[in-house]
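*Asks:* Have a look at the structure that comes next, please.
The values are calculated or read from the model by the stated rules, or taken from the named source; none is laboratory data. Just so we're clear, the structure is a prediction, and the values are computed from it rather than from any experiment. A quick note on method: Cβ atoms are made from the backbone with ideal geometry, for glycine too, and the neighbour counts reach across all protein chains shown.
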Amino acid sequence: MKNEITRAVIYRKNIEYNLTNIKKNLSPDTKICVAVKADGYGTSALETARVCEDLGIDMLAIARVSEGIELRKGGIKLPLILLSLCSPEEFYDLFEYEITPFIFGNEHIKALDKAAEEFISKGGSFKNGKFNVHLAIDTGMGRVGCRKEEAAETVKLIENSKNLKLSGMGTHFALSDCVEARGLEYTEEQFLNFKEAVDSVRKAGIEPGICHAGASAIACSRPDIHFDMVRPGIIVYGYYADQVDKKYLESKGINLDLKPVMQFETRVSAIKRFKRGQSVSYGRTWVCEKETDIAVLPVGYADGLLRRFSPGLKIAINGKEYPVVGRICMDQCMVNIGKDNKDVKCWDKAVIFGPVNEDGALQDAETLAKLGNTISYEIMTCITKRVPRITV
Ligand SMILES: *Cc1c(COP(=O)(O)O)cnc(C)c1O
């Protein structure tokens, strides 16, 4: 794998840089739960988790039980919170690998309590006698969570259960990365809903535990609504959350510098002369007009280089950008480097995206996302399994 020509280089020092800067901007008593779901947004969950442990991060967030198991098997000891729902068949793994579910719904809670009972009867045990859960509140995201009106009742069910204990409450914002009035207003509405839910639990005489609501956009721009903990993801990997970008933050007097963590690169595997009339790739969408040289790159959509990037995509080779011509194939694509280009040789590095000014990248995943009409999150998580992650 290490010699694979198409690779994703992961800059550990950039994870450290981003986390250090994120921490600097937070009040010292605000806890941090780093989202390492989807293999750390495609970078490498284990590597990010290790940096998090070194830097004293409080918790990690995952989206699949299998992601938690991988981290535990990799030696990660930090508390893990599972953000999405799992199947009842996976409850045993939650206990076994100490994964805290973000739960709601009477049926789920009862089933989890029953499974915990079975776990104990088979000789299993929980650290403090009971299994920790966080209650999810749907304050307007329309995804997981109970409504604020159901919060107190649900918490009572947890507290009255035999084996479960409430150790936190959380919600998720739908429009926190939008700084226009509609975004700010909706976030305010969700914030008030969550506050109401937490207050109702306290009023019922139950301690809500760690309260958390904000992801990256809130973590870097809204200290007033951090509650006890924030759950940043994308900023850890070096990209801003949409409109909550560097410029916007500066306008609020916040200085948060970030560096992209991942570089997606390959190498020129052949250079060929094309004459007028000769074409490149499926569909013959590109036909040579005047004699030129074409470089063949062994990277395609099965590596995560989206087919819709061509036409439009430019790839950097030795400090210059060259256009991809013709359709991107499953495993390869072709770039037009011009006739007798002295700057490009076979086996030279070709960089698709990465931290600009670092190791050959001329664009980052954010720029590429705009071309593909998507977001940096998708660009990174699209990089497939066959692309080795090489940490440097
Ligand atoms: C993915 C996710 C996060 C992190 O989101 P970013 O925008 O990447 O910071 C936080 N909380 C929940 C519930 C999530 O699903």
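*Asks:* Given the options E53, E47, E96, name the one that is of a type in the set (D, E), under 21 Å from I383 (Cα atoms) and away from the ligand (no atom under 16 Å from the Cβ).
*Replies:* E47
*Asks:* Moving on to the next point. Please specify each residue of the range 372-381 satisfying the condition of being part of a helix (DSSP H, G or I) and either of a type in the set (A, V, I, L, M, F, W, C) or over 17 Å from the mean Cα position of the chain (by Cα) (or both).
*Replies:* I379, M380 - these are the residues of the range 372-381 that are part of a helix (DSSP H, G or I) and either of a type in the set (A, V, I, L, M, F, W, C) or over 17 Å from the mean Cα position of the chain (by Cα) (or both).
*Asks:* Being among the hydroxyl-bearing types (S, T, Y) and either within 19 Å of K349 (Cα to Cα) or modelled with pLDDT under 95 (or both) is the filter here, so list the residues in the range 279-309 that pass it.
*Replies:* Initial filter on the range 279-309 (among the hydroxyl-bearing types (S, T, Y)): 279, 281-282, 285, 292, 301.
Residue satisfying the conditions is Y301 alone.
*Asks:* Would you point out the residue of the range 57-75, among those that are more than 23 Å from G209 (Cα to Cα) and of a type in the set (A, V, I, L, M, F, W, C), that is surrounded by the most Cβ atoms within 10 Å (Cβ to Cβ)?
*Replies:* My answer is L71.
*Asks:* Also, quick follow-up: List, please: which pairs have Cβ atoms under 8 Å, are six or more places apart or on different chains, and start with a residue in the range 54-73 that is on the phi < 0 side of the Ramachandran plot and end with one that is small (G, A, S) and surrounded by fewer than 17 Cβ atoms within 10 Å (Cβ to Cβ)?
*Replies:* Note: pairs meeting the criteria are A63/S84; R64/S84.
*Asks:* Okay, next question. Within the range 222-246, work out how many residues are within 13 Å of the ligand (Cβ to nearest atom), closer than 27 Å to S44 by Cβ and more than 17 Å from the chain's Cα centre (by Cα).
*Replies:* The number of residues fulfilling the criteria is 1.
*Asks:* Just a yes or no: is a residue in the range 63-75 outside any loop (DSSP other than H, G, I, E, B), away from the ligand (no atom under 16 Å from the Cβ), of a type in the set (V, I, T) and within 25 Å of L166 (Cβ to Cβ)?
*Replies:* Taking every residue of the range 63-75 in turn, at least one turns out to be outside any loop (DSSP other than H, G, I, E, B), away from the ligand (no atom under 16 Å from the Cβ), of a type in the set (V, I, T) and within 25 Å of L166 (Cβ to Cβ).
*Asks:* Taking the range 79-93 on its own, how many of its residues are away from the ligand (no atom under 16 Å from the Cβ) and either among the charged types (D, E, K, R) or closer than 21 Å to D29 by Cα (or both)? Full working, then the answer.
*Replies:* To start, the set of residues in the range 79-93 that are away from the ligand (no atom under 16 Å from the Cβ) comprises 87-93.
From what is left, the residues that are either among the charged types (D, E, K, R) or closer than 21 Å to D29 by Cα (or both) are 89-90, 93.
Counting residues in the range 79-93 that are away from the ligand (no atom under 16 Å from the Cβ) and either among the charged types (D, E, K, R) or closer than 21 Å to D29 by Cα (or both) gives 3.
*Asks:* Between residues in the range 80-102 that are farther than 12 Å from G170 by Cα and residues that are among the charged types (D, E, K, R), which pairs lie under 6 Å by C-beta distance while being six or more apart or on different chains?
*Replies:* Listed pairs, sorted by first residue: Y97/R72.
*Asks:* Which one is farthest from I103 (Cα to Cα), of the residues in the range 24-44 that are surrounded by fewer than 22 Cβ atoms within 10 Å (Cβ to Cβ) and within 15 Å of the ligand (Cβ to nearest atom)?
*Replies:* Filtering the range 24-44 for residues that are surrounded by fewer than 22 Cβ atoms within 10 Å (Cβ to Cβ) and within 15 Å of the ligand (Cβ to nearest atom), the one farthest from I103 (Cα to Cα) comes out as N25.
*Asks:* Just name the residue that is nearest to the ligand (Cβ to nearest atom) out of those in the range 195-221 that are touching a residue at least 24 places away in the same chain (Cβ under 8 Å) and assigned to a loop (DSSP other than H, G, I, E, B). Before the answer, list the steps.
*Replies:* Narrowing the range 195-221 to residues touching a residue at least 24 places away in the same chain (Cβ under 8 Å): 196-198, 200-201, 203-204, 206-221.
So of that shortlist, the ones also assigned to a loop (DSSP other than H, G, I, E, B) come out as 204, 206-209, 213-215.
Working: A204: 24, I206: 22, E207: 22, P208: 17, G209: 16, A213: 9, G214: 8, A215: 3 Å.
Looking at residues that are touching a residue at least 24 places away in the same chain (Cβ under 8 Å) and assigned to a loop (DSSP other than H, G, I, E, B), I get A215.
*Asks:* Of all residues in the range 141-171, how many are among the hydrophobic types (A, V, I, L, M, F, W, C) and part of a strand (DSSP E or B)? Talk me through it step by step, then tell me what you get.
*Replies:* First, the residues of the range 141-171 that are among the hydrophobic types (A, V, I, L, M, F, W, C): 141, 144, 146, 151-152, 155, 157-158, 164, 166, 169.
After this cut, where a residue has to be part of a strand (DSSP E or B) as well, the list is 146, 164, 166, 169.
Adding up the residues that qualify gives 4.
*Asks:* Among the residues of the range 264-281, are any closer than 19 Å to G354 by Cα, of a type outside the set (D, E) and in contact with a Leu (Cβ under 7 Å, 6 or more places away or on another chain)?
*Replies:* yes
*Asks:* On to the next question. Could you list, in sequence order, all residues of the range 176-216 that are closer than 19 Å to I137 by Cα, aliphatic (A, V, I, L, M) and under 23 Å from the mean Cα position of the chain (by Cα)?
*Replies:* I210, A213, A215
*Asks:* Since S269 meets every condition but one in (1) under 28 Å from V387 (Cα atoms); (2) in contact with a Gly (Cβ under 9 Å, 6 or more places away or on another chain); (3) away from the ligand (no atom under 16 Å from the Cβ), which condition does it not meet?
*Replies:* All conditions pass for S269, except number (2).
*Asks:* Suppose we filter the range 113-143 for residues that are farther than 18 Å from P208 by Cα and among the hydrophobic types (A, V, I, L, M, F, W, C); how many remain?
*Replies:* Of the residues in the range 113-143, 6 are farther than 18 Å from P208 by Cα and among the hydrophobic types (A, V, I, L, M, F, W, C).
One line per residue, one yes/no per condition, for (1) more than 29 Å from L313 (Cα to Cα); (2) in contact with a Phe, Trp or Tyr (Cβ under 9 Å, 6 or more places away or on another chain); (3) crowded, with 23+ Cβ neighbours inside 10 Å:
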{"site": "A197", "(1), (2), (3)": "yes, no, yes"}
{"site": "V201", "(1), (2), (3)": "yes, no, yes"}
{"site": "E207", "(1), (2), (3)": "yes, no, no"}
{"site": "I218", "(1), (2), (3)": "yes, yes, yes"}
{"site": "V230", "(1), (2), (3)": "yes, no, yes"}
{"site": "L249", "(1), (2), (3)": "yes, yes, no"}
{"site": "V261", "(1), (2), (3)": "no, yes, yes"}
{"site": "F264", "(1), (2), (3)": "no, yes, yes"}
{"site": "A270", "(1), (2), (3)": "no, no, no"}
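*Asks:* So, one more: So how many residues does the range 101-156 have that are under 27 Å from the mean Cα position of the chain (by Cα) and of a type in the set (K, R)?
*Replies:* The qualifying residues number 2.
*Asks:* Do any residues in the range 149-177 that are in contact (Cβ under 8 Å) with a residue 24 or more places away in the chain have Cβ atoms under 7 Å from those of residues that are within 16 Å of the ligand (Cβ to nearest atom) and of a type in the set (F, W, Y), where the two are at least six apart or on different chains, and which pairs are they?
*Replies:* T154/F104; G170/F102; T171/F194; A174/Y186
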